[in-house]
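Report on one structure; see the data block that follows.
The values are calculated or read from the model by the stated rules, or taken from the named source; none is laboratory data. None of the values given here were measured: they were computed from a predicted structure. No Cβ is skipped: glycine too gets one built from the backbone with ideal geometry, and neighbour counts run over all protein chains shown. For accessibility, only protein heavy atoms count, side chains too; no ligands or nucleic acids. Shrake-Rupley method; radii C 1.70, N 1.55, O 1.52, S 1.80 Å.
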Amino acid sequence: MKTLVLMALGLLATVPAQAQVRSTDPQSVAKALQDAGYKAELTKDSDGDPMIRSGAQGYKYTIFFMSCEKGRNCGDIQFYAGWTNKLSAERANAWTRKHRFARVYADDKGEAAIEYDLNFEDQPMTVELFRKNLELWDSLVGSFVDYINEDDAKQ
């Protein structure tokens, strides 16, 4: 019995730890982006909280770290992209009704914006799950860009 327990412990020790992404570790988010082939410039916002500048579908976006304590121990992240295209509330609502994972709106200038949140709840996320979320974000950005460009083409 003792031999079996020791063998089991030995087997567990040889299983590599799965890479993880943590909202509390901005560098892990940047690395996961880079490993997926995206640019990732880690910097800070005006409040001193971490943020990452990147891009999807040929458009720039920002990842904001949210619910931070003095620039550290952030609870979640938010993907954000904005354009100068005008967006009415009706058009924003129509797009949002068809796309449940992101929200779009007109900012203070009436310009189009899209956001996508990832809630970590103080738990790590596997790199694989983060990549799936990244692929979804990329797809949502492409869909939204097509939508707002379609609106501009009609004018």
Relative contact order as a percentage, the range 57-124, C-alpha pairs under 8 Å and 6+ apart, gives 31 percent
With springs connecting C-alpha atoms under 10 Å apart, model the chain as a Gaussian network and identify which of ALA32, ALA40, ALA94 has the largest mean-square fluctuation.
ALA94
Take the Cβ-Cβ distance between GLU69 and SER139 as r, set R0 to 30 Å, and report the resulting FRET efficiency rounded to the nearest 0.05.
0.40
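Need the full-extension length gain, ARG131 to ASP35, defined as separation in residues times 0.36 nm minus the C-alpha distance. One decimal, nm. Numbers along the way, then the final one.
Working: separation 96, 0.36 × 96 = 34.56 nm, distance 0.95 nm.
The span from ARG131 to ASP35 would gain 33.6 nm if fully extended.
Taking only DSSP H segments of four or more residues, each worth -39500 (n - 2.57), what value at 222 nm results for the chain once the sum is divided by all its residues, to the nearest 500 deg cm²/dmol?
Rounded to the nearest 500, it is -13000 deg cm²/dmol.
Take the eigenvalues of the Cα gyration tensor for the range 61-113, scale each by 5, and report the square roots as semi-axes in whole Å, largest first. It would help to have the intermediate numbers written out before the result.
Values: eigenvalues 134, 36, 13 Å².
Those come to 26, 13, 8 Å.
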With labels modelled as points extended 7 Å from the Cα through the Cβ direction, what inter-label distance (nm, one decimal) is found for GLU111 paired with LYS60?
1.1 nm
Tell me the relative contact order for the chain as a rounded percent, counting alpha carbon contacts under 8 Å between residues six or more apart.
21 percent
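Filter LYS98/LYS132; LYS60/LYS132; LYS31/LYS86; LYS60/LYS98; LYS31/LYS70; LYS109/LYS132 down to the pairs with a C-alpha to C-alpha distance above 28 Å, please.
Numbers: LYS98/LYS132 20 Å; LYS60/LYS132 19 Å; LYS31/LYS86 34 Å; LYS60/LYS98 23 Å; LYS31/LYS70 23 Å; LYS109/LYS132 32 Å.
From the list (LYS98/LYS132; LYS60/LYS132; LYS31/LYS86; LYS60/LYS98; LYS31/LYS70; LYS109/LYS132), the Cα-Cα distance tops 28 Å for LYS31/LYS86; LYS109/LYS132.
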Project the alpha carbons of the chain onto their principal axes and report the range along each, largest first, in whole Å.
77, 33, 25
How much length is gained if the chain between GLN27 and ASP76 is pulled fully straight, taking 0.36 nm per residue apart and subtracting their Cα-Cα distance, in nm to one decimal?
16.2 nm
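Counting only protein heavy atoms and using a 1.4 Å probe, what share of the accessible area of the chain belongs to carbon plus sulfur, as a whole percent? Walk me through the numbers on the way to the answer.
Working: 4940 of 9640 Å².
Taking all protein chains in place, the chain shows 51 percent carbon and sulfur surface.
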